[in-house]
Amino acid sequence: MANSGNRFGFDFVTTLVGSGLTLLVSAGIMRYGEQLRWTATELYAIGGGVLLVGGLLLGLVVVAAGLK
């Protein structure tokens, strides 16, 4: 696939979406964390791990499909 030349825009949007998702996870932990059996630190670690694994899997799918 040819590079469209708009690389900065894509990176900028990806950063904003990732930051927004991280803030939503953080807000959810702060709001509802006490209702769960895990501590806030453990919930942050679980959330970060899920985002990391999800990002890695998505990246592998994109590369395997030849889109990047």
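For beta carbons closer than 7 Å, sequence separation of 6+ or different chains, a first residue in region 56-68 that is part of a helix (DSSP H, G or I) and a second that is open to solvent by 90 Å² or more (accessible area, probe 1.4 Å), the qualifying pairs are 62/68. Residue check: residue 31 meets all listed conditions (1) modelled with pLDDT of 90 or more; (2) surrounded by 10 or more Cβ atoms within 10 Å (Cβ to Cβ) but one, namely (2).
With respect to the stated conditions, residue 49 fails to be open to solvent by less than 90 Å² (accessible area, probe 1.4 Å), closer than 29 Å to residue 11 by Cβ and modelled with pLDDT under 90. Residues that are touching a helix residue (DSSP H, G or I) at 6+ places or on another chain (Cβ under 9 Å) and either in contact (Cβ under 8 Å) with a residue 12 or more places away in the chain or of a type in the set (Lys, Arg) (or both) within region 29-47 comprise 29, 43, 44, 47, listed in sequence order.
The values are calculated or read from the model by the stated rules, or taken from the named source; none is laboratory data. Small disclaimer: the values here were computed from a predicted structure and weren't measured. In this analysis, Cβ positions are derived from the backbone assuming ideal geometry, glycine residues included, and neighbour counts consider all displayed protein chains. Ligands, DNA and RNA are excluded from the accessible area calculation, which covers all protein heavy atoms including side chains. Shrake-Rupley method; radii C 1.70, N 1.55, O 1.52, S 1.80 Å.
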